[in-house]
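Colleague: This is the structure I have questions about; it appears just below.
The values are calculated or read from the model by the stated rules, or taken from the named source; none is laboratory data. Since the structure is predicted, the reported quantities are computational estimates derived from the model, not experimental observations. Reconstructed Cβ throughout: ideal geometry from the backbone, glycine too, with neighbour counts over all protein chains shown. Surface accessibility is based on the protein's heavy atoms, side chains included, excluding ligands, DNA and RNA. Shrake-Rupley method; radii C 1.70, N 1.55, O 1.52, S 1.80 Å.
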Amino acid sequence: MRRRFHWDKKYLYWGVTAFLVVAASILFYMALNYMPVLKQGLRKLANILNPFIWGLVFTYLLTPLMRTLERSCFGPLGRKLYKKNPDQARRFGRAFSVLVSIIVLIAMLTALVYMILPQLYSSIETIVTNSPAYLENLGVWVEQTLKDFPAVADFLEDRLAELNTNLGNDLFGWIQTNVLPQLGSFVTNVTSGVYSVVRGVYNLVIGIIVSIYLLNGIEHYGAAFKRLLYSLFNIESAEKLLEGIRFTDRTFMGFINGKLLDSAIIGLICYIVCAILNMPYTLLVSVIIGITNIIPFFGPLIGAIPSAFIILMVDPLKCLIFIIFIIILQQIDGNFIGPKILGNSVGISGFWVMFSIILGAGLFGFWGMLLGVPVFVVIYTLLNGALERKLRRTDLPVEVSAYQDLDHIDAVTRQSVRRSQPAEAAEENAAEI
C-alpha cells in the first residue's frame, strides 16, 4: 500500500526562506555589478523630474505662509464677501493665499537677482581689475613686516628670485601643453553653460507652476497619500508611518526655517558692522557669511576664510579686525541667537552634528552638508525610540546615565550592579526585593 506524502511545514518554511535568501543575494550581486548604469539612470530620471522636484520644494517652503495667510487674512475676508456660499468663500481664501505666497517667492528671487547679484558681480569685477594693485600692497606690507627679520627676508627674496626664473619656462610649457589644446573645448563649455542657465530658468518656471497646483489642492493630495498608506499597510503600521512623517516634517521645517532666519540675521549684522568699520566689499562679504552660515558647524569657517582673504588683499589690518569680529559674531550666534531661534529642532550633540555633516557632504555634496543634520536627527530619533521600546519590554533601564559605572545586570532580579558596589550589598538588595 502506497504511503501518502505529508508536507512538513517546518521544512517548507526553511526551504522557502533559503530560496529567498539566495534570490536576494543574486539580486544584490547583480545590483552591485550594474551600479554605474543604475546611477546613470537615476541621474537621468532626476534631471527629467527636476521641475517637479523644485515644485515640491517650493510647496513645502510656502505651505506655512499660505496657511497663515488663509487663516488670518484671506479666509475671513472670503467668508465676509461670500456669506451665503461657504464653498466659494473657501476657494477665494485659498486662491488669494496661494497667489500672495507665489508673489512673495517671485519677489524674493527677483530681489536676489536684481539687487544682490549685480553688486556681487561689480565687487568681483573690481577684485579682478585691482588684483595687481592688491598684490603689490600685500607685498609692500609683507616687506615692511619683515624689516625686523632680515634673515627671513633674504631667504624669501632668494626663493622668489628662483621662482621668477622658473616661472617663465613653466608658464610657457603650461600654455603650450594645456591651454592651447583646451581652446577647442572652451566654446563647448560656454555653450553648455548657456544651456544650463536656460535649463535652470525652465526648471524654475515649471517648478513655480507645479507649486501652484500643489498648494491649491494640498489637502486632496495629502488625503490621497493617506489612502495609499492605509491600503498598503494595516492600521497600526499606517499610523506609525504617519507619525514618523509628521515628526520628519516638524524636524525639517523647524530646522530649515530656523537656519534661514538665523543666517539672515547674521548676514544683516555682518553688513551693518562691516559698513560701520568701512570694510571693503561689505555686501559681498556679508552675503558669503550669511549663505555659508546656513551650513551647521562648518559654515562659519567656510564663509570666513574667503571673506578674510578678500579683505586681506585690500587692507591686512582690516582683515585682522574682520577675523576678530567674525569670531565674536559666531560666538554670539552659537550661544545666543542660534539656540533662541532653533530651540530643540536639532536635539543631538555636537559630535553627531559634525558626523552627519561630514557623512552628508561625502555622499551628496552641498545638499548633504545642508540637510545632513535634520536627516540624521530623524534617523537618530527613530532608532533611539526603537531602542527605548526594546529596553522597556525587557524591564531594563532606559536612561543612559543608568549604565554609567555598570558592572553587570542580574539576569534574575534585573538589578544593576555597579563597579563600586560590593557583591554582598548587591546580594542583600536582591534578597530584600
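Colleague: What's the carbon and sulfur percent of the stretch 21-101's accessible surface, probe 1.4 angstrom, rounded to a whole number?
Modeller: 71
Colleague: If you take every residue apart from residue 385 with its C-beta less than 12 Å away from the C-beta of residue 385, what net charge results, scoring Lys and Arg +1 and Asp and Glu -1?
Modeller: Values: positive: 240, 389, 390, 392; negative: 243, 388.
Local charge sum for residue 385: +2.
Colleague: Rank 274, 73 by accessible area, highest first, at a 1.4 Å probe radius? Provide the component values of the computation, followed by the final result.
Modeller: On the way: 274 0, 73 60 Å².
I get 73, 274, largest accessible area first.
Colleague: Return the inverse of the average 1/r over all pairs of distinct C-alpha atoms in the stretch 211-284, which is the Kirkwood hydrodynamic radius, in Å to one decimal. List each step's numbers first, then the result.
Modeller: Working: mean 1/r = 0.0621 Å⁻¹.
One decimal place: 16.1 Å for the Kirkwood radius.
Colleague: If packing is taken as the average count of other Cβ atoms within 10 Å, what order do 399-409, 353-363 fall into, highest mean first?
Modeller: By packing density, highest mean first, the sequence is 353-363, 399-409.
Colleague: How much length, in nm to one decimal, is gained on full extension between residue 387 and residue 28, taken as 0.36 nm per residue of separation minus their Cα-Cα distance?
Modeller: 126.4 nm
Colleague: Okay, moving on. Report the accessible area of residue 80, computed with a 1.4 Å probe over the heavy atoms of all protein chains in place, in Å² rounded to the nearest 10.
Modeller: 150
Colleague: Please give me the summed charge of the neighbours of residue 334: other residues whose Cβ is under 12 Å from its Cβ, Lys and Arg +1, Asp and Glu -1. Spell out each step's value before the answer.
Modeller: On the way: positive: 340; negative: 262, 333.
Summing Lys/Arg as +1 and Asp/Glu as -1 gives -1.
Colleague: Classify the stretch 54-105 from the C-alpha gyration tensor, please: rounded if a/c falls under 1.5, else prolate or oblate depending on whether a/b exceeds b/c.
Modeller: Verdict is prolate for the stretch 54-105.
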